[in-house]
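J.: Sending over a structure as structure tokens; questions will come in a sec.
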Amino acid sequence: MTEEAPQGVDPHIPNAARMYDYFLGGKDNFQADRELAELVLGVLPETRDGTRENRALIGRVVRYLCEQGITQFLDLGSGLPAQENVHEVALRCNPDARVVYVDSDPVVAAHGRALLADPERVAMLHGDARRPEEILGSPEVRGLLDFDRPVAVLMMFLLHLVPDEDEPRRFVAAYRDALAPGSYLAISHVGSDAAPERVARISEFYRRANAPFRPRPGKEIAAFFGDFELIPPGLASGLGPEIVWPFADPDNPIFVDEEMARMGYAGIGRKP
């Protein structure tokens, strides 16, 4: 059966955002996405648990940032809408919160615009996070976010889909430089310090997709924070229940394979 896709979208090329949706149990994906995702699961079955834990992590990070007084969020590489989206969590904490989602996938942007019915508080921008000047100067971002006040930039499950030749350290630094003191940067990133053989096989699979898979060692991930002050416990390896708040919820632990846990890094940095 032929799958219908929006204009300009090739359903035969696996897409990292739609594979993520499939790992979460979503339905906004095509056969090519599912087939490649299943190859990944064949090598690392714990990927489903890890993806769900990352989704839960986003909610905990947003709640933590709200508790620090943050009301403005820029979610880069947001992916397809799912349960407990950033704006849902933020607006429950503070009805004055403002959220801008950014994703380069036209399917993600279309879904986001269809589901977001609050243009005065939430916006969806079809844009490339690797081009900070375009993102930060866009009407969607400038219309909702005031960069003279603290903003939280979220890069959750994004940077390990960016190859080194795209200079991720350069563009992450551009976002850091644009932020006012008291702003935050939150990152979750697949690490390469554990299970190197399995990581290498998954990286090979992603060569068929629209984005590469570029896990990095913890030292490289920590460098993305520049001179921001890391919130304790710092860059945490593992997203499981052994990591302290805000990286894990002791009341609702999600147990993942030990090796899988060591493949995940998360951190929150604050601009002095």
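J.: Can you compute the helix-only [θ] at 222 nm over the chain? Use -39500 (n - 2.57) per DSSP H run of at least 4 residues, normalise by all residues, nearest 500 deg cm²/dmol.
T.: Helix contribution divided over all residues of the chain: -11000 deg cm²/dmol.
J.: Karplus couplings for segment 175-192 from phi (6.51 cos²θ - 1.76 cosθ + 1.60, θ = phi - 60°), rounded to Hz, Gly and Pro as x?
T.: My calculation for segment 175-192 gives 5, 4, 5, 7, 8, 6, x, x, 7, 10, 10, 10, 9, 10, 7, 6, x, 10 Hz in order.
J.: Report the percentage of all Cα-Cα pairs in the chain whose separation exceeds 32 Å, rounded to a whole percent.
T.: Here the tail beyond 32 Å accounts for 17 percent of pairs.
J.: Okay, next question. If we sort 102-113, 71-82 on the protection proxy, mean other Cβ atoms within 10 Å, highest first, what's the order?
T.: The densest-packed peptide leads the list: 71-82, 102-113.
J.: Still on this structure: With no solvent and one point per C-alpha, what does the Debye sum give as log10 I(q)/I(0) for segment 58-98 at q = 0.14, 0.15, 0.22 Å⁻¹?
T.: Summing over Cα pairs of segment 58-98 leads to -0.26, -0.30, -0.64.
The numbers here are math on the coordinates, done by the rules we state, and not lab data. Every value quoted in this text rests on a predicted model; they were computed, and no experiment measured them. Because the Cβ atoms are built from the backbone with ideal geometry, glycine has one as well, and the counts that use them run over all protein chains shown.
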